[in-house]
Amino acid sequence: MIKKIIITFIILKLFNVSNLQCNDCYSEYWQSFFWRMWDNNTFAIATYIKIDSKNHFKRIRAYQLNEQFIWQAKKNLSLELHYAYLNGRPILENSKWRWQHRLELEFNPSFPLSCGPLIVTRNRLEIRYFKTESVPIYRWRQRTMLTIPLKNNSLLKSFSIYNELFYNASDQRISQNRICPFQLRIALSKKAELDLYFIFRFINRDNFWYKSAIIGTQFIFKYVTACKFFKTLTKIKGRLF
């Protein structure tokens, strides 16, 4: 069942992305992994890995390693501190690779609605250090997500949509907007889940907006030891293939 859902999703989105590519729109595929390595219900430590490819998956565009410290301050509020290392190149053609160190501070309240859905916000301040810049660059990101839990389905956990804005403090402009009309969370096991999503990305470069269409998958592993982590990967492979 999971395999059929994934194959159908990829076929439909590949068709959509191919059409967009022909209309002066870049296509990308994002693959990420989120591993909650330690968790005591108040504090947690997690690792996030992300790999981006572009232009019908022809080549790797960027990769990212992110270490996260999470404090669940209240039931509906988390405070987070991240360190991220990124190496990649902008989406534009003929751009050069460059590394980036990034410190991220997050304030993330959520708001349950009486009818069942949940509004989840992510408010992030990024302090970015580039290879080519002598001073740090500050960027603010705000994401508002509407999540609808699918409580009567043991396989499909939730459906979400969201919008995320990027604001560059250095030159006081909105540099990017991400619109996600589709994100589906699937339960793979007791300790693992899979997100399938589709994003329209708009990037402001020199007052010109470039378009990008993204297919993405994210594997989410809850608190497990390293040994159980790799056992979970083996089980997931068996269920999918």
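The values are calculated or read from the model by the stated rules, or taken from the named source; none is laboratory data. Note that the coordinates shown come from a computational prediction; the quantities given were computed from them, not determined experimentally. Neighbour counts run over all protein chains shown; Cβ positions are idealised from the backbone, glycine included.
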Residue that is over 18 Å from the mean Cα position of the chain (by Cα), closer than 25 Å to Glu67 by Cα and crowded, with 17+ Cβ neighbours inside 10 Å, where the choices are Lys191, Lys131: Lys191
If I filter region 131-149 down to residues being more than 24 Å from Leu184 (Cβ to Cβ) and in contact with a Phe, Trp or Tyr (Cβ under 8 Å, 6 or more places away or on another chain), which single residue comes out as modelled with the lowest pLDDT? Lys131
Between Phe198, Phe241, Phe219, Phe208, which is loosely packed, with under 14 Cβ neighbours inside 10 Å, touching a helix residue (DSSP H, G or I) at 6+ places or on another chain (Cβ under 8 Å) and either at pLDDT below 95 or not β-branched (Val, Ile, Thr) (or both)? Phe241
Looking at this structure, is Ser175 modelled with pLDDT under 90, small (Gly, Ala, Ser) and either more than 15 Å from the chain's Cα centre (by Cα) or part of a strand (DSSP E or B) (or both)? no
Inspect all residues belonging to region 81-96 and state whether any of them is farther than 28 Å from Trp209 by Cβ, at pLDDT 95 or above, touching a His at 6+ places or on another chain (Cβ under 8 Å) and surrounded by 15 or more Cβ atoms within 10 Å (Cβ to Cβ). no
Need pairs with beta-carbon distance below 7 Å; first residue of a type outside the set (Lys, Arg) and surrounded by fewer than 18 Cβ atoms within 10 Å (Cβ to Cβ) and within region 15-39, second assigned to a loop (DSSP other than H, G, I, E, B) and at pLDDT 70 or above; sequence gap 6+ or separate chains. Trp38/Tyr223; Asp39/Tyr223
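Just checking, which of Thr132, Thr47, Thr121 is in contact with a Lys or Arg (Cβ under 8 Å, 6 or more places away or on another chain) and closer than 25 Å to Thr217 by Cα?
One residue alone meets the criteria, Thr121.
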